Amino acid sequence: MHDTSPPILVATDLSPSADRALVWAARLARAEGAPLHLAHVVPSVPHLPSAAGLVDAQAIQGRLLSEQRAALEAAGREVEAVALHLLEGEPVEALSALADQLAPRLLVLGRHEAPDRDRIGHVAARLVRAASRAVVSVPAAAPLPPQRPLRLLCPTDLSVGADRALAQALDHAAWLDAEVHVLFVLDLPGYVAHQPELCRELEHRVALELQGLVERHRSGPRRLEAMLRHGPPAEEIARAADALDADAILLPTHARSGVARFFLGSVAERLIRGAARPVWTFRLGASE
């Protein structure tokens with residue numbers, strides 16, 4: 001099965017904060033019978049004109065690569081990776097190119113709060129824009145997924161493209177035999193919120209539209225539920241994920257720009273950078 005199944009590719013900066021992403025990806029790979037590939041990007045030693053003759057950049061890079069290769073091999077043994085990829089260069093470019101080459105089912109990486117913005121934990125939002133594959137950003141303290149079934153939270157904006165987005169999200173969920181909770185967050189402006197009758201009417205219409213979306217895509221034994229919450233979208237999506245004990249928040253991104261479309265992109269950006277749960281993004285309209 002490892003010879004034919006698309007791999008899961010997990011990227012690490014080899015810091016303790018990235019360990020959760022390694023374990024998360026390894027557990028998912030074992031549960032789904034997918035081969036696990038492990039990648040690490042070593043930045044090139046910068047050119048130092050003032051140090052000419054004093055610094056042997058090639059020797060420094062060679063020593064760094066040797067040290068990082070040993071650390072990568074140790075990490076690979078821990079998670080039973082079938083292949084290791086030690087890359088050089090800029091992380092987003094290197095990982096995007098590797099993902100294009102391997103065509104993994106998922107590209108998983110850790111996210112953590114570190115001052116060095118070149119670390120893997122801080123390239124998640126940029127990688128979502130650049131990568132052509134589905135990307136899962138895993139916070140350092142994220143809960144580990146169970147063996148199965150997984151529980152996924154799928155926010156919707158109920159726009160014209162909502163049906164297509166949900167259909168593709170359900171394709172991802174089907175691979176995992178996951179249950180899916182479709183969430184719409186109703187964020188009413190203050191002048192509307194102070195009119196109870198109007199609020200009730202709006203909520204009723206939104207609830208009907210949301211339920212209609214879910215019913216159009218309900219098929220087979222998989223659990224598919226509708227959820228409606230009120231408040232600021234990013235905060236409510238994160239709270240709903242915690243309340244559900246969701247294994248991931250599933251979001252589409254625009255196939256042409258790579259910018260997450262929901263709520264003009266700002267909500268998805270905030271979730272990718274700060275949600276306590278893994279955020280799983282996929283290219284809307286792209287073949288996975």
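The values are calculated or read from the model by the stated rules, or taken from the named source; none is laboratory data. Not measured: the values here are computed from a predicted model. Neighbour counts are summed over all protein chains in view; Cβ atoms, including those assigned to glycine, are modelled from backbone coordinates with ideal geometry.
The single residue among V92, V128, V180 that is part of a helix (DSSP H, G or I), modelled with pLDDT of 85 or more and touching a helix residue (DSSP H, G or I) at 6+ places or on another chain (Cβ under 7 Å) turns out to be V92.
Just one of the listed residues (A97, A114, A83, A57) is at pLDDT 90 or above, small (G, A, S) and touching a His at 6+ places or on another chain (Cβ under 8 Å), and it is A83.
When each of V206, V279 is tested for being among the β-branched types (V, I, T), in contact with a Leu (Cβ under 6 Å, 6 or more places away or on another chain), farther than 21 Å from L144 by Cβ and modelled with pLDDT of 80 or more, the lone residue that passes is V206. Within segment 62-109, the set of residues being β-branched (V, I, T) and closer than 16 Å to A125 by Cα comprises V92, V108.
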